[in-house]
Amino acid sequence: MTFLRQDTRLVKVGNLTIGGSDEVIIQSMCTTKTADVAATVAEILRLEEAGCQMVRVTVNNEEAAAAIKEIKKQIHIPLVADIHFNYKLALQAIENGIDKVRINPGNIGRREKVEAVVNACKEKGIPIRIGVNAGSLEQHLLDKYGYPTPEAMVESALYHIGILEELDFHDIIVSLKASDVPMAIEAYTKAAEVIPYPLHLGITEAGTLFAGTVKSAAGIGALLSRGIGSTLRISLSADPVEEVKVARELLKSFGLIANAPTLVSCPTCGRLDIDLFSIANEVEEYLSNLKVPIKVSVLGCAVNGPGEAREADIGIAGARGEGMLFRYGEMVRKVPEADLVSELKKEIDHIAKVFEET
Ligand code: SF4
């Protein structure tokens with residue numbers, strides 16, 4: 001049996017429900033110093049605007065834990081505290097209204113400390129994410145397996161889960177991140193066979209915007225296509241807004257997002273008579289601000305243009321110095337190349353309004 005995303009337990013994080021359905025929640029992480037409330041809130045609001053549904057901040061000192069209270073007042077999505085070892089910071093974050101804690105119970109230390117965190121979470125209805133990372137596996141697992149393996153990662157997850165279950169705590173989310181794509185895929189696939197809790201997907205330290213996007217899409221895409229994963233984060237060495245954009249595009253590829261526009265554009269070839277790359281990029285940028293499932297096609301010529309446009313809400317097929325404009329599959333008029341983008345934007349606005357009204 002595999003716990004596909006619709007089969008996992010349901011875990012509440014703020015106003016979100018993770019797991020138990022086909023929905024996949026998009027997360028990101030702030031790059032700011034958490035204690036800098038203004039900068040952190042500004043970044044979170046940008047992330048919200050891009051479509052981020054849950055955001056994590058590092059809680060590495062008391063100032064960061066104290067800032068949570070004020071940050072929470074100014075944002076609209078659940079906030080997650082990233083804690084390493086220090087149970088007092090976890091307690092402070094919980095006290096200050098955090099919505100989820102990412103902490104590995106096996107790293108907290110003495111049993112009373114673990115119990116204190118678990119009891120505080122129980123009292124406030126806050127879940128815990130266990131974050132297994134191939135780069136920081138427990139020594140006893142490295143001794144047993146020799147080096148990080150998917151089996152060792154799953155065993156680590158089960159070890160931490162066991163500690164929480166022993167305390168009758170079940171609001172658990174689990175991640176098993178590795179920067180090695182095949183290892184991460186195998187770890188998550190094995191985990192889905194034995195772990196009934198929702199899985200948070202990620203390829204850790206994936207790299208820069210370009211390389212990290214490809215790596216994340218390869219790894220997370222493979223898992224999403226198998227029905228595994230209830231939340232995800234794309235980890236990039238870039239503005240976290242880019243992480244959200246990539247996440248949305250990835251979910252769109254698998255039909256796992258309802259409110260995202262789609263752009264179909266051709267790679268161009270020798271038949272091309274218009275500046276298609278500029279048009280496609282401008283239209284993509286424009287669409288990135290919309291939260292409606294509008295489909296737009298931008299094709300270079302009449303070979304495939306009308307066919308693709310028929311499948312889209314709005315589309316163009318280029319010709320020499322102009323483009324044929326299609327709406328819901330019907331050619332409506334010819335537009336000079338100079339006006340193509342502005343005319344497309346007008347049509348997109350019109351159709352987006354129709355979506356918003358229905
Ligand atoms: Fe070439 Fe036309 Fe196909 Fe674009 S749509 S790749 S221009 S044949």
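The values are calculated or read from the model by the stated rules, or taken from the named source; none is laboratory data. Bear in mind the structure is a predicted one, so any value in this text is a computation, not a measurement. So basically every Cβ, Gly included, is an ideal-geometry build from the backbone, and we count neighbours across all protein chains shown.
Checking the condition under 17 Å from the mean Cα position of the chain (by Cα) and not hydrophobic (A, V, I, L, M, F, W, C), which residue from K245, K295 passes?
That would be K245, the only listed residue that is under 17 Å from the mean Cα position of the chain (by Cα) and not hydrophobic (A, V, I, L, M, F, W, C).
Does E165 fit the bill of being among the acidic types (D, E), exposed (fewer than 15 other Cβ atoms within 10 Å of the Cβ) and either in the same structural domain as Q92 (by TED's automatic domain parsing) or touching a helix residue (DSSP H, G or I) at 6+ places or on another chain (Cβ under 7 Å) (or both)?
Against the criterion (among the acidic types (D, E), exposed (fewer than 15 other Cβ atoms within 10 Å of the Cβ) and either in the same structural domain as Q92 (by TED's automatic domain parsing) or touching a helix residue (DSSP H, G or I) at 6+ places or on another chain (Cβ under 7 Å) (or both)), E165 qualifies.
K215 - would you say it is more than 22 Å from N133 (Cα to Cα), in the same structural domain as V80 (by TED's automatic domain parsing) and surrounded by 15 or more Cβ atoms within 10 Å (Cβ to Cβ)?
Judged against the criteria, K215 is not a match.
Filter the stretch 333-353 down to the residues that are within 29 Å of the chain's Cα centre (by Cα) and of a type in the set (K, R) and list them by number.
Residues satisfying the conditions are K345, K353.
With the condition being surrounded by fewer than 18 Cβ atoms within 10 Å (Cβ to Cβ) and within 16 Å of the ligand (Cβ to nearest atom), I'd like the helices (runs of 4 or more DSSP H) fully within the stretch 227-329 carrying at least 3 qualifying residues.
Those helices (runs of 4 or more DSSP H) span 276-287, 305-311.
Tally up the residues in the stretch 117-134 that are β-branched (V, I, T) and not in a helix (DSSP H, G or I), please.
4
Yes/no matrix, rows are residues, columns are (1) at positive phi; (2) crowded, with 22+ Cβ neighbours inside 10 Å; (3) in a helix (DSSP H, G or I):
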| position | (1), (2), (3) |
| --- | --- |
| H170 | no, no, no |
| V174 | no, yes, no |
| K177 | no, yes, no |
| M183 | no, no, yes |
| E186 | no, no, yes |
| A191 | no, yes, yes |
| Y197 | no, yes, no |
| G207 | yes, no, no |
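Of the residues in the stretch 137-152, how many are closer than 17 Å to L201 by Cα and at pLDDT below 95?
Residues in the stretch 137-152 being closer than 17 Å to L201 by Cα and at pLDDT below 95: 0 in total.
What pairs can you find where one residue is in the stretch 165-194 and more than 15 Å from G221 (Cα to Cα) and modelled with pLDDT of 95 or more, the other is surrounded by fewer than 18 Cβ atoms within 10 Å (Cβ to Cβ) and of a type in the set (V, I, T), and their Cβ atoms are less than 8 Å apart, with a gap of 6+ or different chains?
Short answer, once both residue conditions are applied: A192/T2; E193/T2.
G125: at pLDDT 95 or above and on the phi > 0 side of the Ramachandran plot, yes or no?
It is true that G125 is at pLDDT 95 or above and on the phi > 0 side of the Ramachandran plot.
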